[in-house]
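The next block holds one structure in the form of structure tokens; read it before the comments.
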Amino acid sequence: PAQVNGSHLGLTMFLMLTPNESSFQKVEDVPQYVQQATPVFVGLMLLELLVGVLKTGASVITIGDGLTSLSAGMISRLPLLLMRGCELSAYMYVWNWYRLVELPWDSAWTWWFTLVGVDFGYYWVHRTAHEVSILWAAHQVHHSSEYYNLTTALRQSLTQQFTSWIFYLPLALAVPPPIFAVHLQLNLLYQFWIHTELIRDLGPLEWVFNTPKHHRVHHGRNLYCIDKNYGGILIIWDRLFGTFAQEGDKVIYGLVFPINTFEIVYVQLHYYLYLWRRSSTYQTISDKLSTFIKGPSWKPGKSWLGDHDDNPKVTGKEVPHYPRWSLHLQVYVVVHFLLVLFTYHDLFGNKMILSQSAIVGMTSYILLTLTSLGFIIDQKPAAPVLEMSRCGVMVAMQRYSYMKPLLPALAVPTEVKPPVLSQVTQEKIHIHISYIST
């Protein structure tokens, strides 16, 4: 895929690429905009951190929540090591076998039509993810943070990608896959910068575009915020379909029932287990199935989406979950997160030349590390044992070259070599062994 320079990567978030420079004839030529945008993500998060301290006197990002969001983003991309994205794969299948017309790939009209079409599809992906419980089980990951900053944008679901592809298939009847692949990424990149509290109001732009002000409402658990403002790039879909809400009372972020943990596997998968347990309490097949296909607030005797009568009342004085933990533990967790981030980057950079077993081994190590760090942040009793085991796995993987240390000097402790013995010493040992044998 083509490489894009840093200035262009920043512009992609604001759709400031021209159709001419972002239209491609082959899918293989489409740049990996999201992957290449990592330096921009890091730069903007650091900028938000700095501006937040200068503006409010406090950090807008906490270590526990921020690392959990980044961990979720890392986990969400792991399936791409073994397969092409579900959305693009399904799209290409429909395009190859069922397309009705073929819009010209190099036309500006095709480019703009696809931008609007992908955003319209995303609106329904997003809305359905809130209105169907089994889909909400995936999407709730993104809403599980009680903070709202740029790291929250990266708190993505491992499983949502396996169902979202359905809503884009109508475009495959006419739009070439390379143009779709471009806009799928641009739509995602645009939504990164709107996850911030530092930008308050953008004036007339608020009428047409999704902005930080509108998206803050979407992440709130206040009654007026729930199931509102689904748009990706454009807010006009919410205005048209009656799901728009203006920012009003102070927004309290997170799930209606906060999960109060930073353990990443639980964050990703806990709601599936909750649905299974809930369905088992019902007697009829109809109610059991309804648990999964109706709204998260549904209960027998209520409408398809249910209601919010049982929601905890939001007072505006809620305090996010913030466990107290020592400074040296915070430093330890940050250092080891950076080490596993290095391994993660190395894995994606070399996935084409690594064996299947190496990919599985490194992926398992990444999951083990992120889980163990979550245990430490939560200060779970099992954290010391799990972390010691993880460190043993890390040493073994370095020893057998499944992963390389950040610095060559760090490899020294894992390189255990037998001492070199003199000829005289070897003869003495041989005589001694012979004597013992006799």
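Leaving ligands, DNA and RNA out of it, report the carbon-plus-sulfur percent of the accessible area of region 92-190 at a 1.4 Å probe.
Carbon with sulfur: 72 percent of the solvent-accessible area.
Protein heavy-atom accessible surface, 1.4 Å probe, per residue over region 190-277: 43 Å².
Entry note, the chain: the mean residue ellipticity at 222 nm calculated from DSSP H runs of n ≥ 4, each adding -39500 (n - 2.57), is -16500 deg cm²/dmol after division by the residues and rounding to the nearest 500. The simple spin-label model puts a point 7 Å past each Cα toward its Cβ; for S357 and S401 those points are separated by 1.4 nm. With the whole protein complex present, F162 retains an accessible surface near 90 Å², based on a 1.4 Å probe.
Taking all Cα pairs closer than 8 Å and separated by 6 or more residues, the relative contact order of region 327-409 comes to 33 percent. At 0.692 mPa s and 37 °C, plugging the Kirkwood radius over alpha-carbon pairs of region 327-409 into Stokes-Einstein gives what diffusion coefficient in µm²/s? It comes out at roughly 247 µm²/s.
Taking the chain as a Gaussian network of alpha-carbon nodes connected by springs under 10 Å, the highest mean-square fluctuation of the residues I61, I236, I199 belongs to I199.
Computed over the Cα atoms of region 66-145, the ratio of the radius of gyration to the Kirkwood radius (Rg/Rh) comes to 1.05.
If I take every Cα pair under 8 Å that is 6 or more residues apart in the chain, average their sequence separation and divide by the length, what percent do I get for the relative contact order? Result for the chain is 16 percent. Charged side chains reduced to their Cβ positions (Lys and Arg at +1, Asp and Glu at -1) give the chain a dipole of some 780 debye around its Cα centre.
Straight-line reach from K294: taking Cα to Cα under 28 Å and skipping same-chain neighbours fewer than 8 places apart, the lysines in range are K228, K302, K313. Applying 0.36 nm per residue to the separation of K288 and D346 and subtracting their alpha-carbon distance, the gain on full extension is 16.5 nm. Label zone of V42 (point 7 Å out along Cα→Cβ, amide N under 12 Å): in region 151-194 this covers no residue at all. Rounded to the nearest 20, the size of the Cβ-charge dipole of region 327-409 about its Cα centre is 140 debye, with Lys and Arg at +1 and Asp and Glu at -1. When you filter the trypsin sites (Lys or Arg not before Pro) in region 84-164 for DSSP loop state and at most 16 other Cβ atoms inside 10 Å of their Cβ, you are left with R84, R99.
What residues of region 211-255 lie in the reach of a label at K317, counting those whose backbone N is under 13 Å from a point 7 Å from the Cα along Cα→Cβ? Under 13 Å, as judged by backbone N against the label point of K317, lies no residue of region 211-255. Averaged per residue, region 327-409 has 54 square angstrom of accessible surface, using a 1.4 angstrom probe with ligands and nucleic acids left out.
Computed over neighbours whose Cβ is under 15 Å from that of T343, the net charge equals +4, Lys and Arg +1, Asp and Glu -1. Projecting the alpha carbon convex hull of region 247-297 along each direction and taking the average yields 5.1 nm².
To the nearest ten degrees, helix 356-378 and the longest principal axis of the Cα atoms of the chain are 80 degrees apart. Projecting the Cα atoms of N260, L234, L135 onto the charge dipole of the chain (Cβ charges, centred on the Cα centre) puts N260 farthest toward the positive pole. Across all Cα atoms of the chain, the radius of gyration (one decimal) and Dmax (whole number) stand at 25.5, 97 Å.
The values are calculated or read from the model by the stated rules, or taken from the named source; none is laboratory data. Note that the coordinates shown come from a computational prediction; the quantities given were computed from them, not determined experimentally. Quick reminder, even Gly has a Cβ in these numbers, built from the backbone with ideal geometry, and neighbours come from all protein chains shown. The area values use the complete protein model at the heavy-atom level, side chains included, leaving out ligands, DNA and RNA. Shrake-Rupley method; radii C 1.70, N 1.55, O 1.52, S 1.80 Å.
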